[in-house]
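Peer 1: Before I ask anything, here is the structure I am working with.
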Amino acid sequence: MRNNSAARFAGIACLTGGLLFFLDFAVVGWALKTQFLSFSNQSANLTRAILWVGVGLGLTGGAIGLSLCGATGTRWHRKLGICGTVFNLLGAVSYIIGTIFIYNFPDRATKQFFTPLASLLLTIGMLKLAVAVMTAGVWRDWRKFIPLIVGLYFPLQLPLQIVFFLGQGKGPNALLLGFWGVFWAFLGAVIWTKVPRTKAFEFGIEKV
């Protein structure tokens, strides 16, 4: 039952990371931009840095949870899932490095490549996992499409960003970016609820 407990924990981590992702883009960023929250620059940077470290760590739960709960199946499906997990872990590391860079050099936040690279790595990784999950046949209901939605959301929102925001000399729309976190949170919730709950888990005791 150890994998079940670990998978549920990974699902909770992904759920938390996704919610923090949305919170930062949709709430914290807006509050700081409109000066609704009057943080000093250093306090604001530290707040967002802490949030993004949590995001980077939390989102790894999506890939790890899918692997631990057996959704990627066996044989080549599992190998593809492991490959996707590696991409996701690299993406999380890139997010954390980018966070540290932005905290130390906030004036160069838009010139660093770590966070865009992280989004790319997370997208590729989740698309690999999505193929593994959909073809493995372990998940047979609508839940098997959730990793695909997570993987496709970021590239699909880019044209909207380019046409309506970046193309008009504006920065990227924070709310549109933030909704990616909602889908990550949903993936975490699916993993959390999909894994069987044992009595041992309910009482905080892990069966061997």
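Taken together, the values in this text are just the output of simple stated rules run on the coordinates, not laboratory data. These figures come from a predicted structure and were not determined experimentally. Counting neighbours? That spans all protein chains shown, and the Cβs are built from the backbone with ideal geometry, glycine included.
Peer 1: Using only the alpha carbon atoms of the chain, find the Kirkwood hydrodynamic radius as the inverse mean reciprocal pair distance, in angstroms to one decimal. Numbers along the way, then the final one.
Peer 2: Numbers: mean 1/r = 0.0566 Å⁻¹.
One decimal place: 17.7 Å for the Kirkwood radius.
Peer 1: Whole-Hz Karplus ³J(HN,Hα) for segment 121-134, in order, using 6.51 cos²θ - 1.76 cosθ + 1.60 and θ = phi - 60°, x for Gly and Pro?
Peer 2: So the J values, rounded to whole Hz, are 5, 5, 5, 4, x, 6, 5, 5, 5, 4, 4, 4, 5, 5.
Peer 1: Given springs between every Cα pair under 10 Å in a Gaussian network model of the chain, which of ALA189, ALA130, ALA63 has the largest fluctuation?
Peer 2: Sorting by GNM fluctuation, first place goes to ALA189.
Peer 1: Continuing with this model, one more query. For n ≥ 4 DSSP H runs only, could you compute -39500 (n - 2.57) per run for the chain, divide by its residues and tell me the 222 nm figure to the nearest 500? It would help to have the intermediate numbers written out before the result.
Peer 2: Details: 8 runs with 152 residues, N = 208.
Using -39500 (n - 2.57) per qualifying helix, the result is -25000 deg cm²/dmol.
Peer 1: Once the Cβ-Cβ distance between PHE114 and VAL182 is put in as r, and R0 is 25 Å, what FRET efficiency do you end up with, to the nearest 0.05? Display every interim value, and only then the final one.
Peer 2: On the way: r = 23 Å, r/R0 = 0.92.
About 0.60, to the nearest 0.05.
Peer 1: ³J(HN,Hα) across segment 153-160 via Karplus (A = 6.51, B = -1.76, C = 1.60, θ = phi - 60°), whole Hz, x for Gly/Pro?
Peer 2: Per residue, the Karplus-derived 3J(HN,Hα) values read 4, 4, x, 6, 7, 4, x, 5 Hz.
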